[in-house]
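The values are calculated or read from the model by the stated rules, or taken from the named source; none is laboratory data. For clarity, every value in this text was computed on a predicted model and none was experimentally measured. Neighbour counts run over all protein chains shown; Cβ positions are idealised from the backbone, glycine included.
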Amino acid sequence: MKRSSEAPPPAAPSAERLGLRVNGRRVELLVPLHRTLLEVLREDLGLTGTKHGCEQGACGACTVLLNGLPVPSCLQLAVACPGAEVVTIEGLADGPRLHPLQQAFIDHGAVQCGYCTPGVLLTAKALLDREPHPDRDTIRAALAGNLCRCTGYVKIIDAVASVAAGEGRHEPAPRDRA
């Protein structure tokens, strides 16, 4: 058996430095190549509003906005997002002021267990950003990738439709004081 005097090729890197903007804040991380955006958001950045769901991109619980588009973060490798702008549910409100969609979900009782809510809200925001006044069928079609076991979707569609109609562009309702 003949031995080569050449050094073996270097091992492929197992992690890459990743820079992106998350909820308006610049972050830099050393990310293992196999980690999904979902894992980086939850485990490295502590943004647990983005939920683990089916892990197959079918339920919508992990939906985030990636450069303005709703994407299942469970299917998106983090290292494929250099320089990207990511918005999670934690970045939807303006400080203590709820986003009009968040307030509409409260006003319309569109939140029950809440597991699907972050993904639904971000998908609805993307819809309203590209089409400010969709009809109910357009809303229904846009939200088709977000599964909800609790609400039956009627209240969710009502909430999004109310914002599209301009009803949700008001100041948040005062909270009940107990």
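Here are some notes:
- Residue match in the stretch 112-128 (condition: more than 19 Å from residue 53 (Cβ to Cβ) and not aliphatic (A, V, I, L, M)): no
- The one condition in (1) surrounded by fewer than 15 Cβ atoms within 10 Å (Cβ to Cβ); (2) over 18 Å from residue 116 (Cα atoms) that residue 79 fails to fulfil: (1)
- Filtering the stretch 40-65 to residues that are more than 22 Å from residue 111 (Cα to Cα) and buried (at least 21 other Cβ atoms within 10 Å of the Cβ) leaves 40, 41.
Residue-wise test of (1) part of a strand (DSSP E or B); (2) at pLDDT below 95; (3) within 13 Å of the chain's Cα centre (by Cα).
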{"residue": "79", "(1), (2), (3)": "no, no, no"}
{"residue": "112", "(1), (2), (3)": "no, yes, no"}
{"residue": "119", "(1), (2), (3)": "no, no, yes"}
{"residue": "147", "(1), (2), (3)": "no, no, no"}
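Yes or no, residue by residue, for (1) over 30 Å from residue 29 (Cβ atoms); (2) at pLDDT 95 or above; (3) assigned to a strand (DSSP E or B); (4) out of contact with any Ser or Thr (no Cβ under 8 Å at 6 or more places or on another chain):
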| position | (1), (2), (3), (4) |
| --- | --- |
| 83 | no, yes, no, yes |
| 137 | yes, yes, no, yes |
| 151 | yes, no, no, yes |
| 166 | yes, no, no, yes |
| 177 | yes, no, no, yes |
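- Taking the criterion of being acidic (Asp, Glu) and more than 18 Å from the chain's Cα centre (by Cα), the only residue of the stretch 88-108 that qualifies is 107.
- For the stretch 38-50, the set of residues classified as within 14 Å of residue 76 (Cα to Cα) and either among the charged types (D, E, K, R) or in contact with a Cys (Cβ under 6 Å, 6 or more places away or on another chain) (or both) consists of 38, 39, 42, 50, listed by residue number.
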